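> One structure, as structure tokens, below. Some questions next.
Just so you know, all these numbers are worked out from the coordinates, no wet-lab data involved. In this text, all values refer to a predicted model and were calculated from it rather than measured experimentally. Here the Cβ positions follow ideal geometry from the backbone for every residue, glycine too, while neighbour counts run over all protein chains shown.
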Amino acid sequence: MTNSLRVRLAVWGLVLFGSVQIAMSGGVYIAISAWLENEVASNLMLTAAQVSAILYDPEEPPYYLDIQDVRLQLTNSNIATQTFLRDQMFFIRLLDTTNRRLVDASADYAIPLPPALVQHAYFDTVWLRDTGQHHELRVYTLPLSYTPGFALQVGVSLQATRGIQADMLRILVILVGVTVVLAPLGGWFLANRALIPIRATAKTAAEISETDLTRRMDLKSAELELQQLVQTFNAMLDRLEQAFLRQRQFTADAAHELRSPLSIIQTGLEVTLSQDRTAPEYRTVLVSLSEEVQRLSQLATTLLMLARAEMPTMASPWAALNLSDLLTVVVDQFMLLAAEKQLTITTDIPASLIMDGDETGLIQVMVNLLDNAVKYTPAGGQIAVMAQQTSSHIEFSVKDDGLGIPIEEQVPIFERFYRLDPARNRHQGGFGLGLAIAKKIVESHHGTIHVVSEPGQGALFVVQLPQQSSAHA
Amino acid sequence: MRILLVEDETKMRDFLKQGLEEQRYAVDTAEDGDDGLHWALNFPFDVIVLDVMLPRKNGLEVCRELRNQRILTPILMLTARDAIDDRVAGLDCGADDYLVKPFAFRELLARLRALARRGSSQKSTRLIVGDLVLDTLTHTAYRADNPIELTAKEYALLEFLMLHPNQVLSRTIIADHLWNYDYAPDSNVVDVYIRFLRKKIDDAYEEKYIRTLRGTGYQLVDPHCD
């Protein structure tokens, strides 16, 4: 599930929108709460200042505060205060030098008196419980500047403010909740929308692999962002088709190679068994058929060798080896065979060409090249085996002076089951796999193999191998 | 019945030739396409067995060329390739049948019998003319339900006559279809075999199947239909 693009986009949507919503709501709540508190405070200060002005009398200190008169005067003077006074639970009182209440406009509230003589104006918050309800009051205490020792206290209930805050909090919590539910749904929806072309592409891709590999996806109809994907996919199809065709050709060729000896064996057995024969007749047939069985098992070995060469993991492990020694030993092996055909083999191999590689594989390459040279060089011919060290490579080559290879055949001879002369009887030629195997082994060493030849001028097979083993590791 | 076998694989060719000859066919062989074409164009065969993968000229080309030259002899293609395309190509170039290697020899024989019947009015493994019956599976002849033992050549001769009932067959034609090139006999030999055959199927009866048309050849006719 966590691998699903849709789930991931939904989670991302939730995290992103959720955190933005929570941060925004918190900010709004804090800002509005601060503004509300500030509003209360400034209204209290304004009211206190106005009351203080009303009470001012140059003749005598304010021993008395007529609350009705103050209310009236406040009401007349300031509209903001008027609203404030009307809507809020409000109290106002005058304190004398000993902090006695001189005048209390709100006897209901048992507001505690300041503990000491009031020197500076200050705010505080008072909790009242005596009415059976919790009342939070914001109280502003202001010393009267013109009569030392006297102070004015103005207070207002914060119930309304707290109510507004609570409402606001509820609304914001609901908004956050809605966001938390909608954000992942939105993410899911968007992901779905975004995935539609991808899904269409995938569907086409699936159809192509199921039907035929010659089909390609339409690049023009793909969205810009998907074009690269489509291009990559088409390129992959190209390679796949090539590989598939090669594989099919190989299977057909291999089947053909298997069938020839098999059909000889089957027909031979059936014809022979259809009548009674003499012992020498049976013997002749069995000898002839056992040759075919040998050929079959040889083919099986060769095919396995090819499979090994094609799968580097199946090859033997690499080690440091002396290519000069290997080449010399392989050439010695062929000396007798060459002598039988009246061929001479000359060598030009410097001592100690050291490199890293798969020893068995490289011997196989040399054997295959020399085997071809001996097979296709007419009696009396010459074969030259050379090796040398170049700046970056170790190179060895096998040259014969046989019939040569036409230019148009010089690439396909390295294909599996390719025979130079299709008419060449299969008992003369091999299976047409030797050069293909050699090529695979050389390629597994990151080297190259090629042939230089002109018809009638013999053929020169050259193998180049990098000396460094780093490529393998 | 004379068969041309075109196959480049020596052992395969030898085994097939031996097997077919033991089944009383006259067999000529060729080992490449050009050679096969030459034989098919110059000698009368009842069936041509043609391998597809041949040196010089492959089986498909040989087949096409024969059809272009109006040689309508039934052709049975042999091949080691069994992809649909290969089979279609084989049949499209004018071959009558197709057999994939390796095959059972008995199947090859059955298909050859079927191809031999193709140009004839006979449609079963038992060739029937009047009360004369030839079982091509057991190589036994019956006249009025009495079994008649035949030698290989007698069988081949009777089979050829019964595949072409009522047709006048010259000595040369009979010789061409009964013997391969290596054993092609003088046409007098045909008369000898006709005499052998008559002894077995006609001499004991009033009505004769084999008629001699002087100076022309022989004819197998149902005497009850005259």
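> For residue A:404, which sequence-distant residues (separation of 5 or more, or a different chain) have an amide H within less than 5 Å of its own amide H, given hydrogens modelled in the peptide plane?
A:456, A:458, A:459
> Right, something else. Residue A:113 to residue A:166: FRET efficiency via 1/(1 + (r/R0)^6), r the Cβ-Cβ distance, R0 35 Å, to the nearest 0.05?
Taking R0 as 35 Å, the efficiency between residue A:113 and residue A:166 is 0.70.
> Mind checking the stretch A:233-299 for GluC sites (Glu not before Pro) that DSSP puts in a loop (not H, G, I, E or B) and that have at most 10 other Cβ atoms within 10 Å?
Listed in order of number, the matching sites amount to none.
> For chain B, which span is the longest to avoid every loop-located (per DSSP) member of GluC sites (Glu not before Pro) having at most 16 other Cβ atoms inside 10 Å?
Counting at most 16 other Cβ atoms within 10 Å as exposed, the longest clean stretch of chain B is B:1-148.
> For residue B:43, which sequence-distant residues (separation of 5 or more, or a different chain) have an amide H within less than 5 Å of its own amide H, given hydrogens modelled in the peptide plane?
none
> Using Cβ counts within 10 Å as a stand-in for footprinting exposure, how do B:106, B:143, A:93 rank, fewest first?
Placing the least packed residue first, the sequence is B:106, B:143, A:93.
> Here's a follow-up. Each residue of the stretch A:334-349 in turn: what ³J(HN,Hα) in whole Hz from Karplus with 6.51, -1.76, 1.60 and θ = phi - 60°, glycine and Pro shown as x?
My calculation for the stretch A:334-349 gives 8, 4, 5, 4, 5, 4, 4, 8, 6, 9, 10, 10, 9, 10, 9, 10 Hz in order.
> While we're here: What's log10 of I(q)/I(0) for the stretch B:2-118 at q = 0.13, 0.14 Å⁻¹, Debye sum over Cα points only, no solvent?
Ignoring solvent entirely, the Cα scatterers give -0.41, -0.48.
> How many percent of DSSP beta bridges within the protein assembly as shown run antiparallel, rounded to 5?
Of all bridge pairs located within the protein assembly as shown, approximately 75 percent are antiparallel.
> Next question. Take B:76, A:258 and order them by how many other Cβ atoms sit within 10 Å, fewest up front.
With the sparsest Cβ surroundings first, the list reads A:258, B:76.
> Further question: Using amide H atoms built 1.01 Å from N in the peptide plane, name the residues 5+ places from residue A:383, or on other chains, whose amide H lies under 5 Å from its own.
Distant-sequence amide H within range of residue A:383: A:344, A:345, A:346.
> A follow-up question, please. Which one, B:127, B:91, B:102, projects farthest toward the positive side of the charge dipole computed for chain B from Cβ point charges (K/R +1, D/E -1)?
Of B:127, B:91, B:102, it is B:127.
> Tell me which chymotrypsin sites (Phe, Trp or Tyr not before Pro) from the stretch A:318-409 have a DSSP coil assignment and no more than 10 other beta carbons within 10 Å of their own.
none
> What distance in nm separates the simple spin-label points at residue A:195 and residue B:192, each placed 7 Å from Cα in the Cβ direction?
The two pseudo-label positions are separated by 9.1 nm.
> Restrict the search to the stretch A:136-227; then list the GluC sites (Glu not before Pro) that DSSP places in a loop and that have at most 14 other Cβ atoms within 10 Å of their Cβ.
A:223
> What ³J(HN,Hα) values, in whole Hz, does the Karplus curve 6.51 cos²θ - 1.76 cosθ + 1.60 give for the stretch A:401-418 when θ = phi - 60°, with x put for Gly and Pro?
10, x, 6, x, 10, x, 4, 6, 9, 6, 8, x, 4, 8, 6, 5, 6, 8
> Could you tell me the calculated FRET efficiency between residue B:204 and residue B:135, based on Cβ-Cβ distance and R0 = 22 angstrom, to the nearest 0.05?
That pair, residue B:204 with residue B:135, gives E of 0.65.
> Here's another thing I want to ask about it. Enumerate the whole-percent occupancy of each 20 Å bin, from 0 to the last occupied one, for all C-alpha pair distances of the protein assembly as shown.
12, 23, 18, 13, 9, 10, 9, 5, 1, 0
> Can you flag which of B:153/B:199; A:375/B:57; A:341/A:399; B:17/B:153; A:440/B:101; A:375/B:17 are past 20 Å Cα-Cα?
A:375/B:57; A:440/B:101; A:375/B:17
> Across the residues of A:252-260, average count of Cβ atoms on other protein chains within 10 Å?
Averaged over the peptide's residues, the number is 4.
> Which translational diffusion coefficient, to the nearest whole µm²/s, is obtained for the stretch A:256-324 from the Stokes-Einstein equation, given a Kirkwood hydrodynamic radius over C-alpha pairs, 10 °C and 1.306 mPa s?
106 µm²/s
> For the stretch A:381-389, what does the Karplus curve 6.51 cos²θ - 1.76 cosθ + 1.60, with θ = phi - 60°, yield as ³J(HN,Hα) per residue in whole Hz, taken in order and with x for Gly and Pro?
3J(HN,Hα) across the stretch A:381-389, in whole Hz: x, 10, 10, 10, 10, 10, 9, 7, 9.
> Let me ask you something else. When Cβ neighbours within 10 Å are restricted to other protein chains, what is their mean count per residue of peptide B:105-112?
2
> Once you average over the residues of B:48-54, how many Cβ atoms of partner chains fall within 10 Å of each Cβ?
Partner Cβ neighbours, averaged per residue: 1.
> Would you list A:264, B:194, B:201 from fewest to most Cβ contacts within 10 Å?
If I rank by nearby Cβ atoms, fewest first, I get B:194, B:201, A:264.
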